[in-house]
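Colleague: This is the structure I want to talk about, given as structure tokens.
The values are calculated or read from the model by the stated rules, or taken from the named source; none is laboratory data. The model shown is predicted, which means the values in this text are computed figures rather than measured ones. Cβ placement follows ideal geometry from the backbone for every residue including glycine, while neighbour counts extend to all protein chains displayed. Ligands, DNA and RNA are excluded from the accessible area calculation, which covers all protein heavy atoms including side chains. Shrake-Rupley method; radii C 1.70, N 1.55, O 1.52, S 1.80 Å.
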Amino acid sequence: MTSVLQAQALGKKYGRRWALRDCTIDIPAGRVVGLVGPNGAGKTTLLKLAAGQLEPTSGAVTVLGGRPGHEPAQLAKVGFVAQGTPVYNTLTVADHLRIGARLNPRWDAPLALERVERLGLARGQQAGRLSGGQRAQLALTLGLAKRPELLILDEPVASLDPLARRAFLQELTQAAAEHALSVLLSSHLVSDLEQICDYVIVLAGSRVQVAGEVGRLLAGHPPLGLEDLVLAYMDGSAVAEVRR
Amino acid sequence: MIWLTWRQLRGSATMTAAVLVVLATALALTGPELASTYAVGIEACVPDGTCIDFFDRFFAEHDMAFLALTLVVLVVPALVGLFWGAPLVSRELEAGTHLLVWNQSVTRGRWLAVKLGLAGLAAMTAAGVCGLAVTWWSAPLDRSAVPEMAQMAPIVFGARGIAPMGYAAFAFVLGVTVGMLVRRMLPAMALTLVAFAAIQLAVPLLVRPHLMPPVSGTFELGRENLDGIGAPQGGSLQVFLRTSAVPGHPGAWVLSSRLIDRSGRAVSAGDGSSGPSSTIVRAVPVSTTSGPCSPQALTGGGCTAEINRLGYRQQATYHPLERFWPFQWIESGIYGLLTLGLTVFSFWWIRRRLS
């Protein structure tokens, strides 16, 4: 099975503090991967390293067989929607779609237009005047319409209401199935991930506590649900026998 | 990428262009009249040798416009660095939009190259148009300005010719680099302003005098380098020597000017009385009670001739006006190299260090 992301002893240090250390994982392709952990556990750092926004302090990371972020071809294969879903406040929705179209070789214009229409984003509206949820939807549209092979999302649903949250997660599952898209998304809410993830990584204290298929993890601990299991791993009270 | 750069720049670029068009139009409309007034005045003053008076009158009539325009040209590069350079990267970092744009299928290096190229070109164009238009308009005034405001004078030099383009390119890239390092827009703007102002002060004071070895010369005293002679009651004769003019080299940039006696020693300052700020006062031991320098005779030219006869001279180092264009090219070259250095650094930084 091919890997979408491989990390070997990956670490990142800010000043004297390790935000992420000794991270070794191998994520198979075609999965929807949930990255969970408490605030400050290193989720954003891991995602930025995978997207090529950060350079590792130690170790190495390979995404879709290439070094993250260094060439246009690599950038085109990996979509990244950053935490807080940043957009240009002074540019309109249409401007953002044009950025996507101009800067991405595989841009899916019909998909972007359809999504923007469906979500009721007025194309002439400045992004700064959209609601938080709408801004997030705009950033997510850019990520999806780029047609990456791997879509990385950092807390993508944090500013969405529960309905929009469910709808987006469903859309993501669909896109993953239709376009053979792998997804790596973080959240500190396990309930979000429970809906759609078939693979989970638990980060706590800058280290990977466990990583594996949801089914296998649950099978190893029959009475526990995903939420309890994840919480147990965050605590460090569970045995890491499923770790691989 | 070109589209995005234009989309983000077009508001301020359009505004700048509009202001420049207004300025250029105003200069184009008033320039010919200024030039013809000058030509007529010269024609009238040459036969009777009163051109110095004409220059004074002509310059005084337009000195406000002259100074204001000079100031505009000096300020444009700073504004460019402040409002186009400093926010270029820092605004993206502050809003987090770098995470959006640097994850499209365009590398950061390419993103920066297009941004620096287009906005930098716009910055240089704005400063260049402004500088050359003002240079053209001010030509008659530059020929009649007092020595302190001549073309080679530190303030005026930087507002003429091609130097403003070099300043603008440098200020812009300086702003971009500071923005990258500081990562926040307002502090980056403030720091860019302070750094650029410091450099713009340091260059004329410390660097420009040495672009070529200055010429030294010894000159007889006369109308061009003396601002007057005074004889206070019972005191020694006071000579007011100009510090910014040498005879026979109108428009020269005088670096040093002192009064020496027959044996080549500098004459000291005497009792500490002072004249206009553009002069130094020197006490010359000549009789002020009788002879050509007595109060009754001072109005004639005899006293100056007497001082010259006694061997007193102006000793000066200066850059003649003919060096204006060589200096413009050298200084633009220096700023060009600084710009290149900062550009290389910013590419390295955005690839290796910035996240």
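Colleague: Regarding B:Ile280, is this residue in contact with a Lys or Arg (Cβ under 8 Å, 6 or more places away or on another chain) and not assigned by TED's automatic domain parsing to the domain that holds B:Gly81?
Modeller: On the way: in contact with a Lys or Arg (Cβ under 8 Å, 6 or more places away or on another chain): yes; not assigned by TED's automatic domain parsing to the domain that holds B:Gly81: yes.
Here the answer is yes, as B:Ile280 does meet what is asked.
Colleague: Here's a follow-up. If a residue counts only when it is within 14 Å of another protein chain (Cβ to nearest Cβ), which helices (runs of 4 or more DSSP H) contained entirely in the range B:96-193 have at least 3 such residues? Walk me through it before giving the result.
Modeller: Details: elements: B:98-101, B:108-144, B:154-157, B:163-182.
In the range B:96-193, the matching helices (runs of 4 or more DSSP H) lie at B:98-101, B:108-144.
Colleague: Hey, another quick one. What are the pairs with Cβ atoms under 8 angstrom where one residue, in the range B:10-22, is over 21 Å from A:Asp95 (Cα atoms) and the other, located anywhere, is open to solvent by 40 Å² or more (accessible area, probe 1.4 Å)? Sequence gap at least six, or different chains.
Modeller: Filtered contacts from the range B:10-22: B:Leu20/B:Val129.
Colleague: Next question. Which condition does A:Ala180 not pass, out of (1) farther than 22 Å from A:Val36 by Cβ; (2) within 14 Å of another protein chain (Cβ to nearest Cβ), if it passes all the others?
Modeller: It fails just one condition, (2).
Colleague: Could you tell me how many of the residues in the range A:60-91 are open to solvent by less than 10 Å² (accessible area, probe 1.4 Å) and touching an Asp or Glu at 6+ places or on another chain (Cβ under 6 Å)?
Modeller: Residues in the range A:60-91 being open to solvent by less than 10 Å² (accessible area, probe 1.4 Å) and touching an Asp or Glu at 6+ places or on another chain (Cβ under 6 Å): 1 in total.
Colleague: If you take the residues in the range A:33-53 that are of a type outside the set (Gly, Ala, Ser) and open to solvent by less than 10 Å² (accessible area, probe 1.4 Å), which one is nearest to the other protein chains (Cβ to nearest Cβ)? Let's see the steps before the verdict.
Modeller: Of the range A:33-53, the ones of a type outside the set (Gly, Ala, Ser) are A:33, A:35-36, A:38-39, A:43-49, A:53.
The next check asks that each one be open to solvent by less than 10 Å² (accessible area, probe 1.4 Å); those that pass are A:33, A:35-36, A:46-47, A:49, A:53.
Numbers: A:Val33: 18, A:Leu35: 17, A:Val36: 21, A:Leu46: 13, A:Leu47: 10, A:Leu49: 9, A:Gln53: 5 Å.
If we take residues in the range A:33-53 being of a type outside the set (Gly, Ala, Ser) and open to solvent by less than 10 Å² (accessible area, probe 1.4 Å), then A:Gln53 is nearest to the other protein chains (Cβ to nearest Cβ).
Colleague: For B:Phe55, all conditions in the list (1) closer than 15 Å to B:Ala133 by Cα; (2) open to solvent by 40 Å² or more (accessible area, probe 1.4 Å); (3) not β-branched (Val, Ile, Thr) hold save one; what is the number of the exception?
Modeller: Condition (1) is where B:Phe55 drops out.
Colleague: So, in the range A:163-183, how many residues would count as being of a type in the set (A, V, I, L, M, F, W, C) and over 14 Å from A:Leu140 (Cβ atoms)? Give the steps one after another, and end with the answer.
Modeller: Taking the range A:163-183 and keeping what is of a type in the set (A, V, I, L, M, F, W, C), we get A:163-164, A:167-169, A:172, A:175-177, A:180-181, A:183.
From what's left, over 14 Å from A:Leu140 (Cβ atoms): A:163, A:177, A:180.
Number of matching residues: 3.
Colleague: Could you tell me whether A:Glu155 is open to solvent by 10 Å² or more (accessible area, probe 1.4 Å), under 15 Å from the mean Cα position of the chain (by Cα), on the phi > 0 side of the Ramachandran plot and within 14 Å of chain B (Cβ to nearest Cβ)?
Modeller: Details: open to solvent by 10 Å² or more (accessible area, probe 1.4 Å): yes; under 15 Å from the mean Cα position of the chain (by Cα): yes; on the phi > 0 side of the Ramachandran plot: yes; within 14 Å of chain B (Cβ to nearest Cβ): yes.
Here the answer is yes, as A:Glu155 does meet what is asked.
Colleague: Go through the range B:311-355 and give me each residue that's more than 14 Å from every other protein chain (Cβ to nearest Cβ) and of a type in the set (Ser, Thr, Tyr).
Modeller: Result: B:Tyr312, B:Thr317, B:Tyr318, B:Ser332, B:Tyr335, B:Thr339, B:Thr343, B:Ser346.
Colleague: Of all the residues that make up the range B:83-116, how many are aromatic (Phe, Trp, Tyr), within 14 Å of A:His70 (Cα to Cα) and in contact (Cβ under 8 Å) with a residue 12 or more places away in the chain? Can you show your working first?
Modeller: Keep residues of the range B:83-116 that are aromatic (Phe, Trp, Tyr), which gives B:83-84, B:102, B:111.
Next cut, within 14 Å of A:His70 (Cα to Cα) only: B:102, B:111.
Filter once more, so that each one left must be in contact (Cβ under 8 Å) with a residue 12 or more places away in the chain: B:111.
Residues that pass the stated criteria total 1.
Colleague: Starting from residues that are closer than 14 Å to A:Gln8 by Cβ and open to solvent by 20 Å² or more (accessible area, probe 1.4 Å), keep the ones in the range A:21-32 and report whichever is nearest to the other protein chains (Cβ to nearest Cβ).
Modeller: Looking only at the range A:21-32, we keep the residues that are closer than 14 Å to A:Gln8 by Cβ, and these are A:21-27.
Next, from what is left, pick out any that are open to solvent by 20 Å² or more (accessible area, probe 1.4 Å): A:21-22, A:24, A:26.
On the way: A:Arg21: 17, A:Asp22: 20, A:Thr24: 22, A:Asp26: 23 Å.
Across the range A:21-32, the extreme among qualifying residues is A:Arg21.
Colleague: Something else now. Given the structure, is B:Val72 more than 14 Å from every other protein chain (Cβ to nearest Cβ), closer than 30 Å to B:Gln200 by Cβ, among the aliphatic types (A, V, I, L, M) and open to solvent by 40 Å² or more (accessible area, probe 1.4 Å)? It would help to see each step written out before you state the result.
Modeller: On the way: more than 14 Å from every other protein chain (Cβ to nearest Cβ): yes; closer than 30 Å to B:Gln200 by Cβ: yes; among the aliphatic types (A, V, I, L, M): yes; open to solvent by 40 Å² or more (accessible area, probe 1.4 Å): yes.
Here the answer is yes, as B:Val72 does meet what is asked.
Colleague: Moving to a separate point now. Kindly provide the set of residues from the range B:119-152 that are hydroxyl-bearing (Ser, Thr, Tyr) and either in contact with a helix residue (DSSP H, G or I) (Cβ under 7 Å, 6 or more places away or on another chain) or farther than 16 Å from B:Phe170 by Cβ (or both), ordered by number.
Modeller: Of everything in the range B:119-152, those that are hydroxyl-bearing (Ser, Thr, Tyr) and either in contact with a helix residue (DSSP H, G or I) (Cβ under 7 Å, 6 or more places away or on another chain) or farther than 16 Å from B:Phe170 by Cβ (or both) turn out to be B:Thr135, B:Ser138, B:Ser144.
Colleague: Could you tell me which numbered condition B:Leu191 fails, if it satisfies all but one of (1) assigned by TED's automatic domain parsing to the domain that holds B:Gly85; (2) under 22 Å from the mean Cα position of the chain (by Cα)?
Modeller: It fails just one condition, (2).
Colleague: Given the condition within 9 Å of chain B (Cβ to nearest Cβ), touching a strand residue (DSSP E or B) at 6+ places or on another chain (Cβ under 8 Å) and within 27 Å of A:Leu160 (Cα to Cα), answer yes or no: does some residue in the range A:92-113 qualify?
Modeller: no
Colleague: Another question about this same structure. Consider B:Trp6 carefully, then state whether it is within 30 Å of B:Trp111 (Cα to Cα), open to solvent by 60 Å² or more (accessible area, probe 1.4 Å) and assigned by TED's automatic domain parsing to the domain that holds B:Leu132.
Modeller: Details: within 30 Å of B:Trp111 (Cα to Cα): yes; open to solvent by 60 Å² or more (accessible area, probe 1.4 Å): yes; assigned by TED's automatic domain parsing to the domain that holds B:Leu132: yes.
Judged against the criteria, B:Trp6 is a match.
Colleague: Out of curiosity, is A:Arg102 open to solvent by 10 Å² or more (accessible area, probe 1.4 Å), of a type in the set (Lys, Arg) and closer than 16 Å to B:Gln104 by Cβ?
Modeller: Values: open to solvent by 10 Å² or more (accessible area, probe 1.4 Å): yes; of a type in the set (Lys, Arg): yes; closer than 16 Å to B:Gln104 by Cβ: yes.
So A:Arg102 passes the test.
Colleague: Kindly state which strands (runs of 3 or more DSSP E) lie completely within the range B:222-266 and contain at least 2 residues that are open to solvent by 50 Å² or more (accessible area, probe 1.4 Å) and outside the structural domain of B:Gln151 (by TED's automatic domain parsing). If you could, list the steps in order and put the result at the bottom.
Modeller: Working: elements: B:226-230, B:237-242, B:253-260.
It comes to B:253-260.
Colleague: OK, next. Regarding the range B:197-210, can at least one residue be identified that is more than 25 Å from B:Gly85 (Cα to Cα), over 26 Å from the mean Cα position of the chain (by Cα) and surrounded by fewer than 18 Cβ atoms within 10 Å (Cβ to Cβ)?
Modeller: No, the conditions are met nowhere in the range B:197-210.
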